[in-house]
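Since the structure comes first, as structure tokens, the remarks are kept for the end.
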Amino acid sequence: MCRVLAYIGPEIPVESLLLTPENSLINQTLDPELHPELQLAGWGFGAWGEHLLKPEEPLLYRRPMAAFYDDNVEGIIPSLQASTLLAHVRAASYNAGVVLTDENCHPFSYEKTPWIIAQNGALPHWQILQRELLPHIKDEFLEQMRGTTDTEFLYVLLLSLLEGDSDDDVQVGFERMLTLVLDAMRTLDLVALTKLKIGLVSLDRVIGVNFGAGHDGETHPSGDWRELRKSGPGTDDHAKSMLLEPMYVLMGTNFQDHEGTYDLDVTSGDEATSAIFASEPLTESIEDWMHLEFGEIVFLERADETVRRTVRTLDV
């Protein structure tokens with residue numbers, strides 16, 4: 001499973017999000033805390049900043065190699081600032097069937113939408129599921145698909161289902177997407193564990209989703225993910241633990257004052273000016289991170305220099 005990091009807040013150097021912390025996203029390529037595999041199949045980020053020539057559009061960078069091997073990192077990242085960012089390092093099975101190209105690196109960004117996307121997870125048999133799902137997809141998005149990943153196909157499907165960009169519209173879009181996927185699995189007798197841990201980001205907005213379905217297509221699987229994790233890689237229980245583990249949100253102020261870390265001054269209520277959405281807690285004070293539990297969606301939006309947070313349960 002890959003690693004995702006999203007940020008909204010005051011414009012800050014991108015290197016403080018991706019490069020300088022000891023447990024930075026780039027360093028997680030080699031040493032993710034909550035996942036046993038290396039992240040060697042590529043990486044990328046999308047960033048918005050008022051000092052970019054096109055501040056309303058994301059600057060997209062993707063490269064199909066391990067982030068710590070990318071010789072552009074130290075040349076490009078220190079020159080960038082961002083107020084909204086979505087970044088991703090990609091894990092993939094170690095076999096010849098994995099296609100390493102720019103087009104298969106997250107995040108994905110299309111025209112005719114404000115949203116970019118990255119995810120931790122997998123949609124099994126997605127190529128065959130297209131038989132049932134293609135009738136729900138709009139040509140304006142399908143014709144932009146260039147890669148061969150399940151995430152990009154889910155992006156196409158989600159964009160096709162969205163009827164607007166409000167929080168309500170996005171929640172309904174995600175719920176419809178999973179319902180259609182599970183219906184297709186049952187129709188084609190391809191029911192399998194489906195893990196969808198997604199970051200959907202636009203300027204000043206981060207939407208984090210933690211949902212999916214268990215081995216039998218159940219949308220409310222039960223169990224303690226930490227106990228299930230003890231079964232070890234390759235077991236059904238271990239796969240279920242990866243499904244059930246939370247995503248994480250940290251909110252507060254003065255992120256820029258804690259150089260070399262992901263720390264900030266944690267606040268409550270409506271005082272937060274920055275927020276981070278991540279695959280794992282990135283500071284020593286892990287109790288400061290809110291858990292986004294399985295089956296939940298979080299909406300983070302920056303307005304008037306503060307960040308609003310709303311958490312809801314997905315109804316699938």
Residue ID - surrounded by the fewest Cβ atoms within 10 Å (Cβ to Cβ), chosen from residues in segment 245-273 that are out of contact with any helix residue (DSSP H, G or I) (no Cβ under 7 Å at 6 or more places or on another chain) and assigned to a strand (DSSP E or B): Asp265
Matching strands (runs of 3 or more DSSP E) fully within segment 274-316 where at least 2 residues are without any contact (Cβ under 8 Å) to a residue 60 or more places away in the chain: 290-292, 306-313
Residue list for segment 134-150, filter: within 14 Å of His106 (Cβ to Cβ) and either touching a Leu at 6+ places or on another chain (Cβ under 8 Å) or small (Gly, Ala, Ser) (or both): Gly147, Asp150
Counted residues, segment 202-215 - those being open to solvent by 30 Å² or more (accessible area, probe 1.4 Å), in a loop (DSSP other than H, G, I, E, B) and either within 23 Å of Phe153 (Cβ to Cβ) or touching a Lys or Arg at 6+ places or on another chain (Cβ under 8 Å) (or both): 2
Output for segment 182-201, where each listed residue is more than 18 Å from His220 (Cα to Cα) and open to solvent by less than 10 Å² (accessible area, probe 1.4 Å): Ala184, Gly199, Leu200, Val201
Some residue of segment 169-181 being crowded, with 17+ Cβ neighbours inside 10 Å, on the phi > 0 side of the Ramachandran plot and within 18 Å of the chain's Cα centre (by Cα): no
Segment 233-244 residues that are more than 17 Å from Asn120 (Cα to Cα), paired with ones that are surrounded by fewer than 17 Cβ atoms within 10 Å (Cβ to Cβ) and among the acidic types (Asp, Glu) (beta carbon under 9 Å, 6 or more apart): Asp237/Glu227
Unique residue being modelled with pLDDT under 90, closer than 27 Å to Gln256 by Cα and either open to solvent by less than 20 Å² (accessible area, probe 1.4 Å) or of a type outside the set (S, T, N, Q) (or both) when the list is Ala96, Ala91, Ala67: Ala67
Gly223, sole failed condition from (1) within 21 Å of Arg3 (Cα to Cα); (2) of a type outside the set (Asp, Glu); (3) free of Cβ contacts under 8 Å to residues at least 40 places away in the same chain: (1)
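The values are calculated or read from the model by the stated rules, or taken from the named source; none is laboratory data. Just so we're clear, the structure is a prediction, and the values are computed from it rather than from any experiment. Positions of Cβ are generated from backbone atoms using ideal geometry, with glycine treated the same way; all protein chains shown enter the neighbour counts. Note: accessible area is taken over every heavy atom of the protein model, side chains too, but ligands, DNA and RNA are not part of it. Shrake-Rupley method; radii C 1.70, N 1.55, O 1.52, S 1.80 Å.
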